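Here is the structure we will look at.
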Amino acid sequence: MKKVLMGNHAAALAAKLARVQVAVGYPITPQTQAYEMLAEMKAKGEFPGEFIAAESEHSVMAAILGAATAGARTFTATSSQGLAYMHELLHWVAGSRLPAVMVDVNRALAAPWNLWTDQSDSLSQRDTGWMQFYCSTNQEVLDTVLMSYKIAERVMLPAMVVLDGFTLSHSYEPVDVPEQSEVDAFLPPYKPEVVLDYKNPVGFGALVGPKEYLRLRRRMAADMAEAESVIEEVGREFGAAFGRRYGQLDAYRCADARTILVTSGAVGSTARAAVDALREQGLKAGNLRMRSFRPFPAKALREFVRPGMRLAVVDRNYSPGAGGIWAQEIKAALYPRSRASVHGYVAGLGGGDITVELLQEVWKRVDSANASVPVAETWVEDAR
């Protein structure tokens, strides 16, 4: 069934379709509509799970921790300062090996206050142990929430589904909404092996020594690495069930391209239009959209890159003192095996426009004759 949905509503509807048993929320712009839709569905009797209105984002993630430990399939959504406030509990959920799913609607972090989108909030949580998936359309938001439960429950790690604030969260697009029976066939009920049960008491989150801690972290690392293949497998399963296949990377017109725009999130859709415009000028352009940040798709990226290829990485984020985060990760993944050059560009911070024209300019800079050696981090902005 086709519906015209904003990104926030696509996320909330996906949680309902996934038969979430406990949803916990606290409002924050620009995520609030996902929270409101779940509350409305609960009030109308359309959402059979428990809905908890918490008093803060820290309490939200504490409730998720408890519900997931008790064996429930859980869901929440947040943005920006709210995600930052959850930080301590994000480590707890991942370290407890709980397959929670959370939607983060990207919004720049303060100070100064800013309501608009960039990836500083989600990428600042990169070391918490949560998988992260970046969406470019509202259809992808709904689909990725559904896939995230299956992936998370396979590798027993939590997942964060990320979409651009306002660009997707408040924009309406046609979305193919599957029937409940179709989702049930794809996503069976969650059946954890160990749960919190007062009739069979056991300890959770106990104090451990260095040796046990190292072993548990090594196991988490191994399962995060395994997630790379699980993401591809679940993407194929989803494609067979619903006709839309997803992987860690999304390549567009890259087969004969020497210079590639590398993007993530909603900018990936804009980059397709930029590539089409460049192709009309007779230029061999392509776009590689990064869907998965954790686990980082290093193997898939190395298989994609050809010697002599130039990667123009457009980062809607910035790590002070280090540069754009996607560019950092790509350089690390390719070193020292690849002869491709990586060129980092920071754009669109705090909701600045990343236009078709801006992306064409970036591509032409990198494709120019003197761009064979990567330049220092470059900041670019729309000229309008």
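Values in this text are rule-based calculations from the coordinates and carry no lab data. Because the structure is predicted, anything quoted here is derived from the model rather than measured. Glycine also receives a Cβ, built like all others from the backbone with ideal geometry; neighbour counts cover every protein chain displayed.
What the table below lists for this structure:
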{"read-out": "Packing-based ranking, highest mean first, of 192-201, 255-264 given that Cβ atoms within 10 Å are counted", "value": "255-264, 192-201"}
{"read-out": "Nearest-0.05 FRET efficiency for residue 4 and residue 204, computed from C-beta distance (R0 56 Å)", "value": "0.80"}
{"read-out": "Estimated FRET transfer efficiency (residue 193, residue 53; beta-carbon r; R0 35 Å; 0.05)", "value": "0.70"}
{"read-out": "Rounded if a/c under 1.5, otherwise prolate or oblate - segment 249-379, Cα gyration tensor axes", "value": "rounded"}
{"read-out": "Antiparallel bridge percentage (DSSP; both residues within the chain; nearest 5)", "value": "25"}
{"read-out": "Pairs from 284/364; 211/299; 3/150; 150/191; 150/299 whose Cα-Cα separation, in the structure shown, is over 19 Å", "value": "211/299; 3/150; 150/299"}
{"read-out": "Under the Karplus curve 6.51 cos²θ - 1.76 cosθ + 1.60, θ = phi - 60°, whole-Hz ³J(HN,Hα) for segment 7-22, x wherever Gly or Pro sits", "value": "x, 4, 6, 4, 5, 5, 5, 4, 4, 5, 4, 6, 6, 4, 8, 9"}
{"read-out": "Charge dipole (debye, nearest 20) of segment 249-379; +1 at Cβ of Lys and Arg, -1 at Cβ of Asp and Glu", "value": "540"}
{"read-out": "Long-range amide H partners of residue 50 with built H, under 5 Å", "value": "22, 23"}
{"read-out": "Where labels lie 7 Å past Cα in the beta-carbon direction, separation of residue 353 and residue 241 in nm", "value": "4.1"}
{"read-out": "At R0 = 45 Å, FRET efficiency that the Cβ-Cβ distance of residue 226 and residue 40 yields, to 0.05", "value": "0.75"}
{"read-out": "Distance between modelled label sites at residue 279 and residue 303, nm, 7 Å Cα→Cβ extension", "value": "2.3"}
{"read-out": "Interchain or long-range residues, amide H under 5 Å from residue 285's placed H", "value": "279"}
{"read-out": "Per-residue HN-Hα couplings for segment 77-84 [Karplus 6.51, -1.76, 1.60; θ = phi - 60°; Hz; x = Gly/Pro]", "value": "8, 7, 7, 6, 4, x, 5, 4"}
{"read-out": "Sequence ranges 235-245, 348-358, 98-108, ranked by mean other-Cβ count within 10 angstrom, highest first", "value": "98-108, 348-358, 235-245"}
{"read-out": "Extension gain (nm, one decimal) between residue 215 and residue 322, 0.36 nm per residue minus Cα-Cα", "value": "35.5 nm"}
{"read-out": "Segment 232-245 - phi-based ³J(HN,Hα) in whole Hz, Karplus 6.51/-1.76/1.60, Gly and Pro as x", "value": "5, 5, 5, x, 5, 4, 5, x, 5, 7, 10, x, 10, 9"}
{"read-out": "Amide H contacts of residue 77 (H built 1.01 Å from N, under 5 Å, at least 5 apart or other chain)", "value": "26, 103"}
